[in-house]
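Asker: Quick one: this structure, given as structure tokens, is what I'll be asking you about.
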Amino acid sequence: MNLYDRALLLVAPQRAEARVRARVSALAMERAGAHMGTALDNIEASNDGPGNPGASARGGSRWWNPRPRDARSDTLSQLPLQRGQSRELARTNPIAAGAINTNVDRIVGTGLALSCTPNRFILGWSADQAAEWKAKYQAEFSMWADGTHCDWEATQTFYELQSTALRGVKESGDLFTMLPDGQRTRMQPYALRVQLLEADRIGNPGGAMDTATISGGIRLGTNGAPSAAHVYHRHPGAGYMAGGKMWEGDWVEFVGRSGRRRLLHHFKKQRPEQTRGVPYLAPIVELIKQIGRYTDAEISAAVVSAFFTVFIEGAAGGNPSPVFAGQPGADAAGSAAGDDIALGMGSVVGLAPGEKASFANPSRPNPNFDGFIVAMLRQVGMALGIPVELLIKQFNSSYSASKAAILDAWIYIRSERVWLANSFCQPIHETLMAEAVARGRISAPGFFTDPLLRWAYTRAGWHGDSMGSINPKDEVAAYTAAVEARLMTRERAEWELFGSDFNDTTPQKAAEEALLRSLGIAPVPKAGAAAPRDEARPKEQAFSDDQWSAIVAGSITVPATP
């Protein structure tokens, strides 16, 4: 019941009851019509055969007549049901759970790491100034993100919140992130907190119907841009609430008056004027459910076939009750008491004249089960954007086919990472930087006065785990050739190969190289190059370890020796 019906119930109960009955009847008729159309579609398709041409043109198309509606009408009415179905499948169905887990593990993995890339040309910085500022801010960000202080519930780090946010979007269609201010402590000088809200926490006040300016709990401006969301105080599905309290909430602006972000909405917009997201599994919910039912039926049949079932055929049509050895009614030798027939190990059972034993054979396991399921999973993979090899975690094809499957999946994963970075990571990073500058922990002149300078300060990349490697030797050689040909930066090559930051690992590499040289160990030769002479320490000159470190760093130039 909406708000009007509730008010009408107080003054005119009979009229309110009539309205509700009419609405329920209309909904039932609509659903019955949809089911009838599906049934007639199947009947028509079955009647059309080789002798009746035009089956595809006349059959199901005559009864399949969906109305063209806008994005809100097509999505909002089905969302509650789709969310419930999607979440249940993610909890109980191995295919759905595997698809969601694959997305989370591949897209987020250990977390998308911040790599500051301030635009030093706009800021007028040298490379050393940019590197120094970057190191300072990334330390501040890590101090905030590495612990659970950043979470409103104080249970997850920033990188674990990424996984939870992505999982919520995939299961429910969308997810909201509030950015409230928490209490500053000695361990956490920043007030910014991250609070994740499930999709159901956002809805129209009082559960009312949508209007031109309020759709799915989102308040729209004059140009259709979302300005605020109505956040319920509790989840509507919580069992400890009663009455109208489940629809009570407050409006929260997406951006406050000061320009600070207060609320983020994460969903993949697929149509113009779409206000809420659709679950990732929505197009294949029915297919996955039917595959699960078929699998359960096959398992049940296989379990039944594992039992030793015997039928006794008698001329008189009797109904003897078999008794297994060790059960009540059987003696120590496995013989039956009275008229019961016992089956035991190595026992000889006599049957009456006219009786014979027949054994049940349900022909399980079904030899066609695996091929049928894989054929269905190909369709599931196409709908989800995941190759079937990655979906079922089997790479039984050739190297080329497996590599092509991983590359195809990587296109999808990379696009999802960019979306997650733009929707979740980058806005939170910009909000934290604003607080850091306002509190004087980071120096950023012009941050609050010039939008271009603010944009230059906040530029960043969000790198995740590497794709992995099937043939590491050849792939490392390809990346090395690309770097030497100036076609790729070392930073990007290291991110894609190993998922590590070149700027963070370079000092450690230099220290290791200096240590090896100080011990007289020659550097590793390039592939195909002749082994170098042992010139780690020139025989004519002696250098201390500190001097060798400075030489490797480039601070000291060593004159060439004849």
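The values are calculated or read from the model by the stated rules, or taken from the named source; none is laboratory data. These numbers come from a predicted model, not from an experiment. Here the Cβ positions follow ideal geometry from the backbone for every residue, glycine too, while neighbour counts run over all protein chains shown. We work out accessible area using only protein heavy atoms, side chains counted, and drop any ligands, DNA or RNA first. Shrake-Rupley method; radii C 1.70, N 1.55, O 1.52, S 1.80 Å.
Asker: For THR75, THR211, write out the residues from largest to smallest accessible area, computed with a 1.4 angstrom probe and no ligands counted. Numbers along the way, then the final one.
Answerer: Working: THR75 20, THR211 70 Å².
So, going from the largest accessible area down, we get THR211, THR75.
Asker: Round to the nearest 0.05 the FRET efficiency obtained for ALA375 and LEU452 when R0 = 56 Å and r is the Cβ-Cβ distance. Display every interim value, and only then the final one.
Answerer: On the way: r = 55 Å, r/R0 = 0.98.
It comes to 0.55.
Asker: Pop out the carbon and sulfur fraction of the accessible area of the stretch 375-457 as a percent, whole number, probe 1.4 Å.
Answerer: Numbers: 2350 of 3970 Å².
Carbon and sulfur together cover 59 percent of it.
Asker: Kindly write out, for the stretch 149-166 in residue order, the coupling ³J(HN,Hα) from the Karplus curve 6.51 cos²θ - 1.76 cosθ + 1.60 (θ = phi - 60°), rounded to whole Hz, with x marking Gly and Pro.
Answerer: Each residue of the stretch 149-166 in turn: 5, 6, 8, 4, 8, 6, 10, 9, 7, 4, 6, 6, 4, 4, 5, 5, 5, 5 Hz.
Asker: Continuing with the same structure: Which length gain, in nm to one decimal place, applies between SER400 and GLN195 when the Cα-Cα distance is subtracted from 0.36 nm times their residue separation?
Answerer: On the way: separation 205, 0.36 × 205 = 73.80 nm, distance 4.41 nm.
Extra length from SER400 to GLN195 when fully extended: 69.4 nm.
Asker: Which entries in LYS136/LYS509; LYS136/LYS269; LYS170/LYS289; LYS403/LYS473; LYS393/LYS509; LYS245/LYS269 show an alpha-carbon gap greater than 25 Å? Intermediate values should be presented prior to the final figure.
Answerer: On the way: LYS136/LYS509 21 Å; LYS136/LYS269 36 Å; LYS170/LYS289 17 Å; LYS403/LYS473 15 Å; LYS393/LYS509 35 Å; LYS245/LYS269 31 Å.
From the list (LYS136/LYS509; LYS136/LYS269; LYS170/LYS289; LYS403/LYS473; LYS393/LYS509; LYS245/LYS269), the Cα-Cα distance tops 25 Å for LYS136/LYS269; LYS393/LYS509; LYS245/LYS269.
Asker: Taking Cα centroids, how far is the stretch 122-177 from the stretch 469-510 in Å?
Answerer: The two parts, judged by their Cα centres, are 24 Å apart.
Asker: Okay, next question. For the stretch 198-291, what percent of Cα pairs sit more than 22 Å apart?
Answerer: Numbers: 1694 of 4371 pairs.
That fraction is 39 percent.
Asker: Can I ask one more? In square nanometres, what is the average projected area of the Cα convex hull of the stretch 156-200? Can you show the working numbers first?
Answerer: Values: hull surface 13.3 nm².
One quarter of the hull surface, i.e. the mean projection, equals 3.3 nm².
Asker: Plugging the Kirkwood radius over Cα pairs into Stokes-Einstein for the stretch 99-181, at a temperature of 25 °C and a viscosity of 0.890 mPa s, what D comes out in µm²/s?
Answerer: Details: Rh = 14.9 Å.
Taking Rh from Cα pairs, D becomes 165 µm²/s.
Asker: Under 20 °C and 1.002 mPa s, how fast does the stretch 449-515 diffuse according to Stokes-Einstein, given a Kirkwood radius computed over C-alpha pairs? Answer in µm²/s, whole number.
Answerer: On the way: Rh = 14.1 Å.
Using the Kirkwood radius from Cα pairs, D works out to 152 µm²/s.
Asker: FRET efficiency for SER466 and ASN119, Cβ-Cβ distance as r, R0 = 25 Å, nearest 0.05? Before the final figure, lay out each step's value.
Answerer: Values: r = 26 Å, r/R0 = 1.06.
Computed FRET efficiency for SER466 and ASN119 comes out at 0.40.
Asker: Quick one: which residues, 5 or more positions from SER466 or on another chain, have an amide H under 5 Å from its amide H? H modelled 1.01 Å from N in the peptide plane, none for Pro or chain starts.
Answerer: GLY499
Asker: Okay, moving on. Work out how much length ARG186 to TRP410 would gain on full extension: take 0.36 nm times their residue separation and subtract the Cα-Cα distance, in nm to one decimal. Spell out each step's value before the answer.
Answerer: Working: separation 224, 0.36 × 224 = 80.64 nm, distance 4.21 nm.
Gain in length upon complete extension: 76.4 nm.
Asker: For the stretch 152-256, which whole percent of the accessible surface, found with a 1.4 angstrom probe, sits on carbon and sulfur atoms?
Answerer: Working: 2630 of 4890 Å².
Carbon and sulfur together cover 54 percent of it.
Asker: Tell me the volume per residue, in Å³, of the convex hull enclosing the alpha carbons of the stretch 123-275. Mind dumping the intermediate values first?
Answerer: On the way: hull volume 26.9 nm³, N = 153.
Value for the stretch 123-275: 176 Å³ per residue.
Asker: Per residue of the stretch 187-200, what does 6.51 cos²θ - 1.76 cosθ + 1.60 with θ = phi - 60° give for ³J(HN,Hα)? Whole Hz please, x for Gly and Pro, Karplus curve as stated.
Answerer: Each residue of the stretch 187-200 in turn: 7, 9, x, 9, 8, 4, 10, 10, 10, 8, 10, 5, 4, 5 Hz.
Asker: Now for a separate question. Order PHE447, PHE502, most accessible first, counting only protein heavy atoms with a 1.4 angstrom probe. Don't jump to the answer; show the numbers that get you there.
Answerer: Values: PHE447 5, PHE502 55 Å².
These residues rank, largest area first, as PHE502, PHE447.
Asker: Can you give the FRET efficiency for GLU513 and ARG67, using 1/(1 + (r/R0)^6), R0 = 60 Å, r = Cβ-Cβ distance, to the nearest 0.05?
Answerer: Details: r = 69 Å, r/R0 = 1.15.
It comes out at approximately 0.30.
Asker: Enumerate the amide H contacts of ASP151 below 5 Å, restricted to partners 5 or more residues apart or on another chain; note that Pro and chain-start residues carry no placed amide H.
Answerer: When sequence neighbours closer than 5 places are left aside, the close amide H contacts are GLN156, VAL194.
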